[in-house]
Amino acid sequence: MKETKSVAYSYLIKQLPSATVYLNTNFEVVHASDNWIKTFDLCKTNVFGKRLHKLVKHANKKWLQSLDNCLLGQRQEGLASFIDNQGNEKWLEYT
């Protein structure tokens, strides 16, 4: 039964209209929406289980520090930039 819930949960996250990713405490991707994968120009088959720092290589240091702060129980939100795989600067809002 638990596996069925997990599959359904993953399916719902996959379809979210906003770019959404769930990470574990090692910053590995556990769940991701299709929109998140598209936003970061990633391959669906090469995302899950990978560390965010490896997938988003040119992330804003402030954003990465915010992720560390989340593990300390501090709520984080803001704007950050990153460079996509085509060399374009993109901005995102995170919570």
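The values are calculated or read from the model by the stated rules, or taken from the named source; none is laboratory data. What you see is a predicted model, and the numbers here were worked out from it, not measured in a lab. Using ideal geometry, Cβ is built from the backbone for each residue, glycine included, and neighbour counts are taken over all protein chains shown. Each accessible area value is taken on the protein alone, full model and side chains, heavy atoms only, with ligands, DNA and RNA left out. Shrake-Rupley method; radii C 1.70, N 1.55, O 1.52, S 1.80 Å.
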With +1 at each Lys and Arg Cβ and -1 at each Asp and Glu Cβ, the charge dipole magnitude of the chain around its Cα centre, to the nearest 20 debye, comes out at 200 debye
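With a sphere of radius 15 Å drawn around the Cβ of S18, what net charge do the other residues whose Cβ falls strictly inside it have (Lys, Arg +1; Asp, Glu -1)?
Details: positive: K14, K38, K90; negative: D34, E77, E93.
Once all neighbours under 15 Å are counted, the net charge is 0.
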Summing -39500 (n - 2.57) over every DSSP H run of at least 4 in the chain, dividing by its residue total and rounding to the nearest 500, the 222 nm mean residue ellipticity is -10000 deg cm²/dmol
Neighbours of L64 by Cβ distance under 13 Å: Lys/Arg at +1, Asp/Glu at -1, summed charge +4
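When ligands, DNA and RNA are left out and all protein chains stay put, how many square angstrom of accessible area per residue does the range 54-95 have with a 1.4 Å probe?
Values: 3120 Å² over 42 residues.
About 74 Å² of surface per residue is accessible.
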Tell me, what are the semi-axes, in whole angstrom and largest first, of the equivalent ellipsoid of the chain as set by the roots of 5 times the Cα gyration tensor eigenvalues?
22, 17, 12
The summed charge of the L79 Cβ neighbourhood (under 12 Å; Lys/Arg +1, Asp/Glu -1) stands at 0
L67-N85 pseudo-label distance in nm [points 7 Å out on the Cα-to-Cβ vector]
1.7 nm
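Got a sec? What order do H53, H58 fall in by accessible area at 1.4 Å, biggest, i.e. largest, first? List each step's numbers first, then the result.
Values: H53 60, H58 115 Å².
If we order H53, H58 from most to least accessible, we get H58, H53.
If you roll a 1.4 Å probe over the chain with all protein chains in place, what percent of the accessible area is carbon or sulfur?
Details: 3590 of 6780 Å².
Carbon-and-sulfur percentage of accessible area, whole number: 53.
Let's test the formula: R0 of 30 Å, r as the Cβ-Cβ distance of H58 and Y11. What FRET efficiency results, to the nearest 0.05? If you can, show how the numbers build up before the last one.
Numbers: r = 31 Å, r/R0 = 1.02.
FRET efficiency, H58 to Y11: 0.45.
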Rounded to two decimals, what is Rg over Rh for the range 13-65 when you use alpha-carbon atoms and the Kirkwood radius?
0.94
Over the chain, calculate the relative contact order: mean separation of alpha carbon pairs under 8 Å at least 6 apart, over the residue count, as a percent.
18 percent
